[in-house]
Amino acid sequence: MVNPQQARELLTAVTYVGRSRGPMLAAMFAFMYFGGLRPAEAAGLRQKGAC
């Protein structure tokens, strides 16, 4: 379990991965942290109309 400061640092760090992948990873980790989702559940999320 991470504390709130570690979560903020992680979400900031993953945005530097790349132009398209960074925001996607930030969203996935945010859903995992704030929503309590498991990795497979977060990876399975899709934006309505995107697929």
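Applying the set (1) surrounded by fewer than 14 Cβ atoms within 10 Å (Cβ to Cβ); (2) of a type in the set (A, V, I, L, M, F, W, C); (3) without any contact (Cβ under 8 Å) to a residue 24 or more places away in the chain to Val2 leaves exactly one unmet item: (3). Within the range 13-23, the set of residues being without any contact (Cβ under 8 Å) to a residue 12 or more places away in the chain and either surrounded by 14 or more Cβ atoms within 10 Å (Cβ to Cβ) or assigned to a loop (DSSP other than H, G, I, E, B) (or both) comprises Thr15, Tyr16, Val17, Gly18, Arg19, Ser20, Gly22. Quick check on the range 32-44. Is at least one of its residues among the hydrophobic types (A, V, I, L, M, F, W, C), open to solvent by 80 Å² or more (accessible area, probe 1.4 Å) and in a helix (DSSP H, G or I)? Scanning the range 32-44 turns up at least one residue that is among the hydrophobic types (A, V, I, L, M, F, W, C), open to solvent by 80 Å² or more (accessible area, probe 1.4 Å) and in a helix (DSSP H, G or I).
The values are calculated or read from the model by the stated rules, or taken from the named source; none is laboratory data. What you are looking at is a predicted structure, and each value in this text was computed from that prediction instead of being measured. Don't worry about glycine lacking a Cβ; one is built from the backbone with ideal geometry, like all the others, and counts go over all protein chains shown. Only protein heavy atoms, including side chains, enter the accessible area calculation; ligands, DNA and RNA are left aside. Shrake-Rupley method; radii C 1.70, N 1.55, O 1.52, S 1.80 Å.
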